[in-house]
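The values are calculated or read from the model by the stated rules, or taken from the named source; none is laboratory data. In this text the structure is predicted, and so the values were computed from the model without any measurement. We place every Cβ from the backbone using ideal geometry, glycine too, and count neighbours over all the protein chains shown. Ligands, DNA and RNA are excluded from the accessible area calculation, which covers all protein heavy atoms including side chains. Shrake-Rupley method; radii C 1.70, N 1.55, O 1.52, S 1.80 Å.
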Amino acid sequence: VPWSIEPPGVYLGAIAVAGFRSIGPATTLPLQPGPGLMLVVGRNGSGKSSFAEGAEVLLTGTSLRWEGRTKAWKLGWRNLHQATDASVAAELLVEGGGPLVATRTWSADADLGAGVVTAKAKGGKAQPLDTLGWEGALATFRPFLSYNELGSLLEDGPSALYDALPQR
C-alpha cells in the first residue's frame with residue numbers, strides 16, 4: 001500500500017544480517033519497536049555498526065558513513081569469511097499497516113548495488129520496497145546516525161539536536 005501524502009511511522013523490531021561487514025553467519029538483533037531514540041551499545045568489534053549500516057543499506061541502498069571513503073574500503077562490505085549469499089532483513093512495525101519484513105539479498109558474486117530488495121506484509125506477497133513510497137522520506141530523514149554523528153549533535157547542544165530530529 002503506497003503512502004502518497006506522508007509516510008507512516010515505522011519502528012524497527014529486529015535486524016537479521018548474514019555475510020555483511022563483520023557479520024558472517026546469520027545473526028539477529030532483536031529490538032523493542034516504538035517511537036523515540038534507540039541506542040545500541042556494545043564492545044568494539046561486536047557488530048553494532050554492521051547492523052546499523054546493514055539496515056541503512058537495506059532501506060536506502062547505501063550508507064552515508066561510506067561517503068568519501070576509498071574505493072577499496074567501500075568494496076569491503078561483504079564478510080570475507082562468509083563466501084555465500086549475503087542478506088539484511090528488518091522486521092518493521094508500520095503505524096496503521098501492521099508488521100512488514102523488508103529484505104535485501106545479494107548472490108555470492110554480486111556487487112553492493114546489485115542487491116534485490118523486497119517488502120512483505122504479514123499474509124501478503126513480496127513486492128519491491130519502492131512500491132511503499134518511502135524513498136523521499138528515507139532520503140530526507142536518514143534512519144540511522146553513527147556514533148560520530150550522534151556525538152556531534154550532542155556536542156552542538158540541545159537546540160541543534162532538536163533541529164536535527166524529524167518533527168511529527
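Just checking, does the stretch 63-76 include any residue being open to solvent by less than 40 Å² (accessible area, probe 1.4 Å) and in contact with a strand residue (DSSP E or B) (Cβ under 9 Å, 6 or more places away or on another chain)?
No, because not a single residue in the stretch 63-76 is open to solvent by less than 40 Å² (accessible area, probe 1.4 Å) and in contact with a strand residue (DSSP E or B) (Cβ under 9 Å, 6 or more places away or on another chain).
Out of Ala119, Ala139, Ala114, Ala160, which single residue is modelled with pLDDT of 90 or more and exposed (fewer than 15 other Cβ atoms within 10 Å of the Cβ)? Quick ask: steps written out before the conclusion?
Values: Ala119 fails: exposed (fewer than 15 other Cβ atoms within 10 Å of the Cβ); Ala139 fails: modelled with pLDDT of 90 or more; Ala160 fails: modelled with pLDDT of 90 or more.
The unique qualifying residue is Ala114.
Cβ contacts < 9 Å: first residue closer than 10 Å to Leu100 by Cβ, restricted to the stretch 121-135; second residue of a type in the set (Asp, Glu), any location; separation 6+ or different chain. Result? As it stands, the answer is Leu129/Glu135, since those pairs meet every condition given. Would you confirm whether any residue within the stretch 82-94 is at pLDDT below 90 and surrounded by 15 or more Cβ atoms within 10 Å (Cβ to Cβ)? For the stretch 82-94, residues at pLDDT below 90 and surrounded by 15 or more Cβ atoms within 10 Å (Cβ to Cβ): present. Of the listed requirements (1) open to solvent by 90 Å² or more (accessible area, probe 1.4 Å); (2) at pLDDT below 90; (3) basic (Lys, Arg), Arg43 misses just one: (2).
Between Leu100, Leu12, the distinction of being more than 26 Å from Gly151 (Cβ to Cβ), in contact with a Leu (Cβ under 6 Å, 6 or more places away or on another chain) and surrounded by 17 or more Cβ atoms within 10 Å (Cβ to Cβ) belongs to Leu100 only. Looking across Ala14, Ala26, one residue alone is in contact (Cβ under 8 Å) with a residue 40 or more places away in the chain and within 24 Å of Leu132 (Cα to Cα). It is Ala14. Being part of a strand (DSSP E or B) and not charged (D, E, K, R) holds for only one residue in Thr131, Thr103, and it is Thr103. The set of residues in the stretch 60-95 being within 23 Å of Pro30 (Cβ to Cβ) and part of a loop (DSSP other than H, G, I, E, B) consists of Ser63, Asn79, Gln82, Asp85, Glu95.
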